[in-house]
Every structure is written in C-alpha cells, then in structure tokens.
C-alpha cells in the first residue's frame, strides 16, 4: 500500500508539470498545530532539512504553530538530523503522572514541566536559531483580547465560548476575542522583523521581533493549549496580555501565501518597529512545501467541526502538500495517527504509549522513501488537486 499522497494548488501543479519539484523552488514551509500528530512528520523533516534543502541556497521562511513551531525552530539548529531525532524522542517520552482518581494532570503542572523541557532543549542555542543564514523563523501565537486578556477561572471559559460563537458566524470577527501574534526573527537586512511570507488581510495580526529574551516564552505560548496548559502572560517585547496556542487562530496555517508580496504595514500591526520603517519586503516568487498529516488545511482550531471551511482556497494556490494516505494510516497502531487522546488512553502506561508512537514513527520512513523516489522521477499525473 502506498503511504504518501501528494496534493498541489493550481499554480504549484503547473510548476511541477513544467520542471518537477526542485529544492530551489521552495520559499515557505508551514508546520501545523496538532500535537502528537506531528510526530508522523519527523522522518520527513529529517529528510527535507537534513538533506534535500541543502542542495539549494535561497532563503526559506518557516512558519509554525504549536508543535509545528517546535519543529520549525528545531530546523534552525545545526546538526539538524540529530536535533530532530532528539525532538522526537523527547516528545514521545514526555509523561505527566496522574494520581488515583485524577483523569489528567493540572494545567499548571503541565506548563511547568513543558517549560522546563523547552529550556533544556534549546539551552544555549537560541542565538544559533536567530542567526540562521537561510531560515527565517515565524512562531504563531494567539493573544487574548477583552475577556481573554488575562487568564481567569470564570472569564476564560466565557471568553472562549464567545470566540466560538463569533467564529461560527465569521472567522475574521473572532479577532475581537483573539488576535494572531507572530514572533519573527530579525531580518538580515537590519529590520526588526523578517517579512511575513503571507498576507494578513484575512485576520487581525501583529508581528513582534523574536529575541533571546522572548524565544522560549513565545514558543511555549504557541504550544499552550487552552485548559491543558496555562497561558503565557506578558511576553517581553510584545503587547501585554495572555498568549495561547497558535493553533487557535491558525490551526493548520491556511494563510494567504500568494498575497505576501502585497503585504504592507497598512494590513499588519507591526509592534515596536523602529521609526521610519517603510514596509515589508516583497518575497521572491516560489512554492510553499507543506508536510502535513492530512489533506485538509483547517483555518483555525475552532473550525474543526465546521467542515465547509476545510476546503482549499486561492490562498493555497502555490502549495505542494504531502500527506499520509488515509488507508495507510489505518495500518498504524490503534488504526490512527498518534494524538492527544493517547495520553488518557494509556494513562500511566508510559511504555505502552511509547511503543505505539515509536512504531508509528518508524512506519513513517515509508513516506520519505516514496517522496524521494517521486522527486527523482516526478510524475505530475500522480499529483492530486488540493
């Protein structure tokens, strides 16, 4: 059974038909939220960043939310393959012991341990990430507004209920409750932030300069699932308030990539930009390569049940999406991708969960083998419309 399906938007399909897919064609790589589902992409990350992209020299924007932000930050480390192997190991072996009668650990405990894990993982290496000569990292977070401006036992659930109702009517209107805040590494040309590789007219957006002072907090915020982890408050250099998982506003990063060249400071609030900043630089033309764990690119976390928002739009016209065959996924342990329900399913049986997740990760090598074979002999007829 084939493991890999390749999908592409109309612009990307025409490019593939003309010249296949070359590493120099890639300008942006998104990485979705989705918790343990992202583990299935570890082997692909090691191949893309440890081998394939090394055959080219162009700058590449890396955009991540939640576990996707962790993955893209890891791509900016030296000895990339070893770094991704450690990420996979550390994620699989994270464990939060529950006491008898307790269904799940407290959000405070999970946040404390997760923060410690991030500190240990990137200890002494943040400068290496920020100074990467090719990759421009963008960490997506969700900042609460009004009732969600700070975390509170009563106001927070009420605020998220309001966000859910508002989002169901109009996604852009959810910006009244939660705004997209992107932490971007400094631009090599001297600007406070590298240009965003997507347009921002779709949703209320701010951009903040990523630094050694706020890197760990921004990354933890991007991974802070509401009610599972605590929000991260008052990140240095950023607007005050509570910051949560970037997947809330941008679950699968269904962003307007073709509009990046049209982005200006009139369509994005750039926080703490130096006086006289004249606008965002136009990116070069190129494709978006998206290793994903499914075909659908769902806009926001609250859109998961809104199936009419799961279809591709013109925002994805330049995208090449790599996803596992749903029938192949059924051959994995428990007949599914690793996901957060496994934490409660296995409970304190750490060995059982580790075995299941390791098995899924080992099986994902087939995805890489098939992608590498296709790159050598690209067949545009096998690329499905996104």
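Estimate the FRET efficiency between residue 98 and residue 164 by the formula 1/(1 + (r/R0)^6), using the beta-carbon distance for r and 25 Å for R0, to the nearest 0.05.
Using R0 = 25 Å, I get an efficiency of 0.35.
Rounded if a/c is under 1.5, else prolate if a/b beats b/c, else oblate: with a ≥ b ≥ c from the C-alpha gyration tensor eigenvalues square-rooted, which is region 64-195?
Taking the square roots of the gyration eigenvalues as a ≥ b ≥ c, region 64-195 is oblate.
Express the relative contact order of the chain as a whole percentage, based on alpha carbon pairs under 8 Å and six or more residues apart in sequence.
RCO, the chain: 28 percent.
How much length is gained on full extension from residue 82 to residue 131, taking 0.36 nm per residue of separation minus their Cα-Cα distance?
Roughly 15.7 nm would be gained on extension.
What residues of region 1-15 lie in the reach of a label at residue 362, counting those whose backbone N is under 12 Å from a point 7 Å from the Cα along Cα→Cβ?
none
Compute for region 78-136: radius of gyration divided by Kirkwood radius, i.e. Rg/Rh, restricted to C-alpha atoms, rounded to two decimals.
With Rh from the inverse mean 1/r over Cα pairs, Rg/Rh is 1.11.
Which shape class, rounded, prolate or oblate, goes with region 306-363 when its Cα gyration tensor gives a ≥ b ≥ c as root eigenvalues, a/c under 1.5 marks rounded, and past that a/b bigger than b/c marks prolate?
Prolate, because a/c is 1.5 or more and a/b exceeds b/c.
Taking Cα extents along the principal axes in Å as the quantity of interest, determine which of (1) 63, 44, 41; (2) 77, 59, 53; (3) 57, 56, 45 was computed from the displayed structure.
(3)
Could you check what % of the DSSP bridge pairs in the chain are antiparallel, to the nearest 5?
DSSP beta bridges in the chain are roughly 40 percent antiparallel.
Can you pull the one-decimal nm distance between simple spin-label points at residue 117 and residue 54, each 7 Å off the Cα toward Cβ?
It works out to 2.8 nm between the two label points.
Relative contact order of region 55-206, please, whole-number percent, based on alpha carbon pairs below 8 angstrom and at least 6 residues apart.
Dividing the mean separation by the residue count of region 55-206 yields 24 percent.
Pulled fully out, how much extra length does the chain show between residue 212 and residue 187, if you take 0.36 nm times their separation in residues and subtract their Cα-Cα distance?
7.5 nm
Shape of region 116-272 from its Cα gyration tensor (a ≥ b ≥ c, root eigenvalues): rounded if a/c is under 1.5, otherwise prolate when a/b > b/c, or oblate?
Judged from the Cα gyration tensor, region 116-272 comes out oblate (a/c at least 1.5, b/c at or above a/b).
As a test of the formula, what do you get for the chain when each DSSP H run with n ≥ 4 contributes -39,500 (n - 2.57) and the sum is divided by the residue count, at 222 nm and rounded to the nearest 500 deg cm²/dmol?
It comes out at -9000 deg cm²/dmol, rounded to the nearest 500.
For the residues 370, 179, 97, 51, what sequence is obtained by ranking on other C-beta atoms within 10 Å, fewest first?
Ranking 370, 179, 97, 51 by Cβ neighbours within 10 Å, fewest first, gives 97, 51, 370, 179.
Evaluate Rg over Rh across region 38-120, taking Cα atoms for both radii and Kirkwood's formula for Rh.
Taking Rh as the inverse mean 1/r over Cα pairs, Rg/Rh reads 1.08.
May I ask you to work out the translational diffusion coefficient for region 1-63 at 25 °C, viscosity 0.890 mPa s, via Stokes-Einstein with Rh from the Kirkwood sum over Cα pairs, reported in whole µm²/s?
Rounded to a whole number, D works out at 181 µm²/s.
Highest mean first, what order results for 160-168, 246-254, 349-357 on Cβ atoms within 10 Å?
Highest-to-lowest ranking by the protection proxy: 246-254, 160-168, 349-357.
Report for region 145-264 the percent antiparallel among DSSP-assigned beta bridges with both residues inside it, nearest 5.
Bridges in region 145-264 are about 35 percent antiparallel.
Would you mind putting 20-26, 62-68 in packing order, based on average other-beta-carbon counts within 10 Å, highest first?
Descending packing order for the listed peptides: 62-68, 20-26.
Figure the gain on full extension for residue 354 and residue 295 (residue separation times 0.36 nm, minus the Cα-Cα span) and round it to one decimal in nm.
That pair, residue 354 and residue 295, stretches by 18.6 nm at full extension.
What per residue convex hull volume, in Å³, comes out for region 343-386 when only alpha-carbon positions are used?
About 87 Å³ per residue, rounded to a whole number.
As a footprinting exposure proxy, order 71, 309 by other Cβ within 10 Å, with the fewest listed first.
309, 71
Sorting check: for 297-305, 135-143, which peptide has the highest mean count of neighbouring beta carbons within 10 Å, and how do the rest follow?
Averaged packing, sorted descending, gives the order 135-143, 297-305.
No value in this document is a laboratory result; all are computed from the given coordinates. Model, not experiment: these values are computed from the prediction. Cβ atoms come from the backbone with ideal geometry, glycine included; neighbour counts cover every protein chain shown.
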